[in-house]
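Nothing in this text is a laboratory measurement; each read-out follows from the coordinates by a stated rule. Bear in mind that the values here come from a model prediction, so they are computed numbers and not experimental data. Here Cβ is always computed from backbone atoms with ideal geometry, including for glycine, and neighbour counts include all displayed protein chains.
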Amino acid sequence: MSGPIGQSDTTPRRLVVLISGRGSNLGALIEACEQGRIPARVVGVISNRPDAGGLALAEQHGIPRRVLNHRDYPSREAFDADLATAIEDYAPDLVILAGFMRILTPGFVDRFTGRMLNIHPSLLPKYRGLDTHARALADGETEHGASVHFVTPELDGGPVIMQARVPVAPDDTPDTLATRVQRAEHRLYPEVVRRVCSGEIQWCGRILQGDGRPLEAPLQLDEDTHERSGPDDRSPPPRTAG
Ligand code: GRF
């Protein structure tokens, strides 16, 4: 795999999804592919944790999966080298980090420039790193959300493609806020993957482009279809998504 995905080739894209946990974003992506909302299919799931819940989800959908346990490796570089080989074995068009809790080496990231996406639970550049919901609440934010970006060697620092915004309720806890953000993530990630798979969004390490024009600011997931405050916001994400 090399260079961004072009708009002329209409072959279904091959997605490899990297996970460490529950895999609810993986579930949302599988569902979107199966329903034809994304012109792609998930051809492989790789987890660095043998107990990741998302592995069972992949199995249910007949998707090949692999575990590369980072604890079996003497160094980050050694793990990333095997990870890159495992990814390339699936010949993907796009590598999707969906709750993959690893810091990646620059050499690994460079190999997949313009072909690797991550979802982060904050409105980047705010709250890079961990505990984003608690930090947003501690700061008294009235709005929070999630961002999808191309991956660069800088942690949560790559160009942001699109964001989903959610309101913060006065009585929110980190858990209630996380639930609301995740529900938005399950709409946001498939939408971004769709646009990258169709060649609408491109980045090859220099200028982020949307439909051939530079994207000056992150796109925003359609406000009209956003989660609104109300009882539904407090319920767990749908089963199909994790
Ligand atoms: C998501 O909240 C994502 O933003 C973060 O990790 C979480 C993964 O959740 N990077 P899941 O495994 O997809 O349910």
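Pair-distance distribution of the chain: all C-alpha pairs, bin width 5 Å, starting at 0; shares per bin in whole percent are 1, 7, 14, 18, 21, 18, 12, 6, 2, 0.
With the charge dipole of the chain set up from +1 on Lys and Arg Cβ and -1 on Asp and Glu Cβ about the Cα centre, the Cα lying farthest toward the positive end among the listed residues GLY212, GLY27, GLN163 is that of GLY27. Principal axis extents of the Cα atoms in segment 106-220, from largest to smallest and rounded to whole angstrom, are 42, 28, 22. One chain, two ends: GLU143 and ARG102. Fully extended at 0.36 nm per residue, the span grows by 12.0 nm beyond their Cα-Cα distance.
Given the Cα-Cα distance of ALA169 and ARG76 and 0.36 nm per residue of separation, how much length would full extension add, in nm? Walk me through the intermediate numbers first.
Values: separation 93, 0.36 × 93 = 33.48 nm, distance 3.97 nm.
Between ALA169 and ARG76, full extension yields 29.5 nm more.
Fewest neighbouring Cβ atoms within 10 Å first, the residues MET162, MET116, MET101 line up as MET101, MET162, MET116. With a cut-off of 8 Å between alpha carbons and a minimum separation of six or more residues, what is the relative contact order of segment 1-94 in percent? Normalised by residue count, the contact order of segment 1-94 is 33 percent.
Around LEU123, what is the net charge, scoring Lys/Arg as +1 and Asp/Glu as -1 over all other residues with Cβ under 10 Å from its Cβ? It would help to have the intermediate numbers written out before the result.
Values: positive: LYS126, ARG165; negative: GLU141, GLU143.
Charge balance near LEU123 sits at 0.
Relative contact order of the chain, taken over Cα pairs closer than 8 Å and 6 or more residues apart, is 23 percent. If you plug the beta carbon distance of ASP211 and THR11 into 1/(1 + (r/R0)^6) with R0 = 25 Å, you get a FRET efficiency near 0.75.
Take the Cα of ALA134, step 7 Å toward its Cβ, do the same at ASP51, and the gap between the two points is 2.0 nm.
Only beta bridges with both residues in the chain are counted; by DSSP, about 45 percent of them are antiparallel. Counted without the sites themselves, the longest stretch of the chain free of GluC sites (Glu not before Pro) in a DSSP loop having at most 12 other beta carbon atoms within 10 Å is 1-153.
Using just its DSSP H runs of length 4 or more, each adding -39500 (n - 2.57), the chain gives a mean residue ellipticity at 222 nm of -9000 deg cm²/dmol after division by all residues.
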